[in-house]
1. Listed residues A:T177, A:T280, A:T202; which is at pLDDT 95 or above and closer than 23 Å to A:E372 by Cβ?
2. Has region A:253-267 got any residue that is within 16 Å of the ligand (Cβ to nearest atom), among the aromatic types (F, W, Y) and touching a strand residue (DSSP E or B) at 6+ places or on another chain (Cβ under 6 Å)?
3. Select from region A:242-260 the residues that are surrounded by 23 or more Cβ atoms within 10 Å (Cβ to Cβ) and in a strand (DSSP E or B) and list them in ascending order.
4. Quick check on this structure: which one of B:K119, B:K144, B:K77, B:K108 is surrounded by fewer than 18 Cβ atoms within 10 Å (Cβ to Cβ) and in contact with a strand residue (DSSP E or B) (Cβ under 9 Å, 6 or more places away or on another chain)?
5. Quick one: in region A:14-41, of everything that is under 18 Å from the mean Cα position of the chain (by Cα) and of a type in the set (A, V, I, L, M), which residue is farthest from A:L62 (Cα to Cα)?
6. Return the pair list, or none, for Cβ contacts closer than 8 Å from residues in region A:321-339 that are in contact (Cβ under 8 Å) with a residue 60 or more places away in the chain and more than 13 Å from chain B (Cβ to nearest Cβ) to residues that are among the acidic types (D, E) and within 15 Å of the ligand (Cβ to nearest atom), at least 6 apart or on different chains.
7. In the set A:T140, A:T90, A:T162, which member is surrounded by fewer than 24 Cβ atoms within 10 Å (Cβ to Cβ), of a type in the set (S, T, N, Q) and in contact with a helix residue (DSSP H, G or I) (Cβ under 6 Å, 6 or more places away or on another chain)?
8. I'm trying to understand the selection: among the residues of region A:261-289, which are over 20 Å from the mean Cα position of the chain (by Cα), buried (at least 23 other Cβ atoms within 10 Å of the Cβ) and not in a loop (DSSP other than H, G, I, E, B)?
Amino acid sequence: MPEAVYDSQKELELVLERCNEAVREPGIPPGLPEGFSGTLGHFPVYFPEEIAHAAGLLPMALLGGGNRMEMKHADARMGSFVCSICRSTTEMGLNGSLKDLSGFVTHPICDAAKHLAGIWARNLPDQVSQILYLPQNVNTPGAVRYIAAEYQRLRGVLEAKTGRKVSDEALRASLRTYNRNRALLREVYALRRDAPWKLSCTESYLLTRARSRMPCEEHNALLERALAALAHRKAPAQDKPRVVFVGGFCEQPPLEMLEAIDESCYVVDDDLLIGMRWLTADVPEGGDPVWALAESYVERSAASPVQHDARKSKEGYLMEMLRGANADAAILTAAKFCEPGLDDQLAWSKHFDEVGVPYLVLEFEEKMTSFEQMAMQVETFAESLLFALA
Amino acid sequence: MTTATASRPETEKSAFDPRVEGQRLIKEWYAELEQANELGQPVANVFVMGNAVEILRAFDFKLVFPEINSLQTGVRKSSEEYIRLSEDYGMSPDVCSYVKADVGLILKENRHPVGRIPKASLAIASNMCSTFIKWAEIWERWLKTPTFVLDLPGQRAAGWQVRPGDAQHSADSRWVEAQFAELIARCEKITGKKLDLDKLAEIEDRVNRMVGHWNNVMMLNRRTPAPYNAMLDGLTYIGIMNVHRGTQEGVDFMRRLEQHLEAKVARGEGRVKDERFRLLFSGTPCYVSMRRLVELFENWGGVFAYSDYLTFAAGGMDAAELRYDTSRPLESLAEVTAIAAQRGLSNQFFAHERLAQQIRDYGTDGVVFHGIKSCRFVSSGMADTREFISRLDVPTLYIESDLIDPRYWADAQIKNRVDAFFEALGQRGSRRAS
Ligand code: SF4
C-alpha cells in the first residue's frame with residue numbers, strides 16, 4: 001500500500017470536524033472514555049479541571065445551551081432578567097440533558113451563578129452540587145492557604161463520590177497533561193496574533209471549546225494535529241483591522257456572531273472561553289500539587305470582570321491585551337443581563353474615550369439567532385477603522 | 001465587660017415610638033456625615049452585609065452606607081432622577097438600581113435629598129453580594145477610593161453543617177482573621193492610630209447587647225397577633241441595626257424597642273387590627289412603594305410576621321449563640337463574622353432550607369416572594385425556591401417590582417395578584433383557624 005500523502009487542509013478539516021461534533025450538542029455525550037468513572041460539570045469561570053481529571057471524573061465545562069435549545073422548564077424557574085447561560089444551564093438540569101453528570105460545581109463569580117448550586121440541590125439531589133468558594137480577595141497573605149483548603153475540600157468531595165482516593169501522583173500527572181494543553185493553546189493564540197489570516201477566531205474557538213466534551217489527552221492530540229496542519233496553511237493576508245474581542249468570559253456568543261466578526265476583522269486576541277484557559281502559565285509540577293494549583297490561581301490567572309484583584313485593573317488588563325496583540329481597536333461585548341459584564345463594558349468604553357482607542361459596543365445572548373444587523377455594524381466599524389488607519 | 005442595663009420606668013417605655021425614634025437617629029447620622037469631611041474625620045463606605053463595622057468604629061470612621069443612600073432616594077421619591085442620570089451616562093437598564101442611584105449621586109456631586117454625602121477614604125466591599133465588588137470598582141476608578149474586598153466564604157452545598165469551632169469553621173475563620181489583620185493595618189495607615197483592643201471589645205459588647213435585643217424583637221413576632229410588620233416597621237429596625245451597630249444609641253434603641261413590643265404583646269395588640277393571615281416575605285423591599293405594598297396585604301388582615309431580609313440584610317447576625325467573646329476581640333470577631341456571613345448568604349443561595357424552618361417558627365400561612373428585576377442576589381433562585389416551597393403545600397405568591405425604580409411598580413397588576421392570593425388563602429383558611 002502506498003503511504004497516504006499528508007494533506008494539511010484535509011487534516012485541519014478532520015480536526016475541526018471532530019471539534020464540531022464534540023460540541024454540537026450542549027448536553028453530555030453518551031458513553032465514557034476509558035479511565036473515567038463519571039463526569040463533573042463545571043460552570044465558568046475558574047474551575048481547576050485538574051482535580052476532577054485526577055479523580056477520574058471527566059471535566060465537562062458547561063457553556064450554556066446555545067441557540068437551538070428549546071426552553072421548556074427554566075422560564076418558570078428563573079426570572080426573565082437572569083442571563084441566558086444560567087437559564088439554559090437550569091433548563092439542561094431540568095430537561096434531563098445533564099442527568100448523567102456525577103456532579104456540578106459553580107463559583108462565586110456572580111450572584112446568579114451562586115444560585116445554581118441551590119437550584120441543582122433542589123432538583124437533582126443525587127448529584128454532587130457544590131459552590132467552590134474561590135476568594136475575591138487574592139491580595140491578602142493567606143489567600144493561597146485558603147484556596148488550597150478549598151481545593152482539598154473539593155478533592156475530598158470527589159473522593160467520596162467516586163469511592164477512590166486521589167493521590168498526589170495522579171494530580172501531578174493531571175497537571176502535566178493540562179500544562180501541555182496550556183502550552184498548545186498558547187501556541188494557537190500566538191498564531192492568531194502573528195498570522196491571523198491563517199486561523200480565524202471561529203476556528204480557534206472551536207478548537208478550544210472541544211475540550212469541554214473530551215479528555216484533555218485527546219484534546220492535546222487534536223491541538224497538535226491542528227497546529228501541524230496550520231503551519232502548512234497557505235492563506236493570503238487580507239486588509240482587515242486587528243481587533244481584540246472582550247465580553248465572552250462566561251456566557252458564550254453564538255458561533256454565527258464570531259463568524260460575522262471574522263468576515264470583517266482579524267480578532268487577534270479575546271477572552272472567549274477564558275474558563276478553559278484561565279491559567280496563563282504552567283503550574284509548577286514539583287512539590288505539593290494542590291498548593292501549586294492554589295498558588296497559580298493567585299499568581300497565574302487570567303483577569304476577567306468576575307475576578308477582583310487589586311493588581312489587575314479592568315482597564316489595565318484590556319490595554320495590555322491590546323498592546324500584546326498589537327491591536328488597533330476593540331469589540332466590547334457583554335451578555336445581556338450579565339451585571340459584571342455590563343458594568344465593565346461601560347468602564348472600558350469610558351476609558352477608551354479618554355485614551356482614544358476606537359471600539360464597538362455589542363450586546364449578545366447565547367440564544368440569539370439573527371445576526372444581519374450585527375454583521376452590518378461590525379462591517380461599518382471595520383471600514384471606519386481601515387479608513388482611519390489608511 | 002458586659003454591663004447590665006437597668007430597666008427604665010414604664011412611662012418612658014410607652015413614650016417610645018420606634019418610627020419617630022428611628023427617623024431621628026437616621027437624621028442625626030446623616031447630619032454627622034455632612035460634616036465629616038470638613039472636620040477631617042475618616043469616612044468609610046460600607047455595605048450592610050460583611051462590613052467589619054466593629055473595626056472601623058474602633059478607628060472612629062464615620063460610616064456611609066451607599067445602599068441606604070440609594071434606598072433613601074426611593075423613600076424620598078427622587079430615585080428616578082438619580083437612576084435616569086446614570087442611564088444617560090451609559091449605565092445599562094439591566095443592572096442594580098441601587099448602583100445606578102449611587103452613580104447618579106456621583107454625577108450630582110454627592111448631593112443627596114438628605115444632605116451632602118462625604119467622600120470616603122476607604123471602601124469595604126464583601127463578596128456576600130457580588131455587585132458590592134463591582135460597585136466598589138466604580139468608586140475605585142472614578143473617585144480613587146481605596147477598596148478592601150472582604151472575602152467571606154458561604155455555604156458550599158445543601159445540607160451544609162458548620163458549627164462554631166469545627167474544622168471548616170476554624171479554617172474559614174483563619175482566612176477572615178488574616179484579612180482583618182490587613183484591614184487593620186490599612187486603617188492604622190489612614191488614621192495614623194493604632195488599634196485599641198479595649199475599644200474594639202467595648203464595641204463588640206454593645207453589638208452583643210444589640211443582637212440580643214434584636215433576636216428578642218424577632219422572637220416577639222412569633223406571637224399572634226404579630227406586634228409589628230416585618231416589612232414596614234421592620235425596615236426601620238433593621239436600618240438602626242445597620243447604621244448604629246455597636247453604638248450606645250443602637251443598644252438603647254433595640255432595648256427600648258424590645259420593651260415597647262413586649263408591652264404590645266402583653267396588651268394583645270397586633271400591628272393589624274384583625275390579624276387573619278400571617279405571612280413570610282422573601283426578598284428585598286420596594287422602597288418606592290413599600291407602604292402601598294403592605295397596605296395591599298393589611299387590607300386583607302395579612303401581616304408579614306417575618307422576612308428573610310431582616311436576617312441577610314443585617315449580615316446574618318440573628319442567631320442567638322453568635323456573641324463576641326470580648327476577652328479575645330479579634331479572634332472572636334473573625335469567628336462570628338465567618339459564621340454570620342454564611343448564615344446570611346444561606347438565606348439566599350440555599351433559601352429552601354431556611355424558609356421551611358422559618359415558616360414553622362413564625363406559624364405563617366403563606367410565603368410572598370418579591371422578585372427584583374435588577375437584583376440577582378435575591379431573585380435568581382426565587383422562582384425555583386417558590387416551586388420547592390409549594391411542594392410542601394405552603395401557599396405562595398410571586399410578585400415582581402424593583403428596589404427603588406418606580407418604573408417597575410405595576411399597581412393594578414400587583415393588586416390583582418395579591419387579591420387573588422388572599423381569596424385562595426381565604427378558601428383554605430388560616431393555620432390558626434384550622
Ligand atoms: S454571564 Fe454574567 S451574570 Fe451570567 S453567570 Fe456569567 S458572570 Fe454571571
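1. Going through A:T177, A:T280, A:T202 in turn, the sole match is A:T202.
2. So the first thing to find is which residues in region A:253-267 are within 16 Å of the ligand (Cβ to nearest atom), and the list is A:253-254, A:257.
This time we only want the ones that are among the aromatic types (F, W, Y), so: none.
Scanning region A:253-267 turns up no residue that is within 16 Å of the ligand (Cβ to nearest atom), among the aromatic types (F, W, Y) and touching a strand residue (DSSP E or B) at 6+ places or on another chain (Cβ under 6 Å).
3. Answer for region A:242-260, where residues must be surrounded by 23 or more Cβ atoms within 10 Å (Cβ to Cβ) and in a strand (DSSP E or B): A:V243, A:V244, A:F245, A:V246.
4. On the way: B:K144 fails: in contact with a strand residue (DSSP E or B) (Cβ under 9 Å, 6 or more places away or on another chain); B:K77 fails: in contact with a strand residue (DSSP E or B) (Cβ under 9 Å, 6 or more places away or on another chain); B:K108 fails: in contact with a strand residue (DSSP E or B) (Cβ under 9 Å, 6 or more places away or on another chain).
Checking each option against the conditions leaves just B:K119.
5. Per the stated criteria, the residue is A:L16.
6. Pairs that qualify, where the first residue is in contact (Cβ under 8 Å) with a residue 60 or more places away in the chain and more than 13 Å from chain B (Cβ to nearest Cβ) and the partner is among the acidic types (D, E) and within 15 Å of the ligand (Cβ to nearest atom), are A:M321/A:D271.
7. Values: A:T90 fails: surrounded by fewer than 24 Cβ atoms within 10 Å (Cβ to Cβ); A:T162 fails: in contact with a helix residue (DSSP H, G or I) (Cβ under 6 Å, 6 or more places away or on another chain).
Result: A:T140 is the single residue among A:T140, A:T90, A:T162 that is surrounded by fewer than 24 Cβ atoms within 10 Å (Cβ to Cβ), of a type in the set (S, T, N, Q) and in contact with a helix residue (DSSP H, G or I) (Cβ under 6 Å, 6 or more places away or on another chain).
8. Result: A:P289, single match.
The values are calculated or read from the model by the stated rules, or taken from the named source; none is laboratory data. None of the values given here were measured: they were computed from a predicted structure. Cβ: placed from backbone, ideal geometry, glycine included. Neighbour counts: every protein chain shown.
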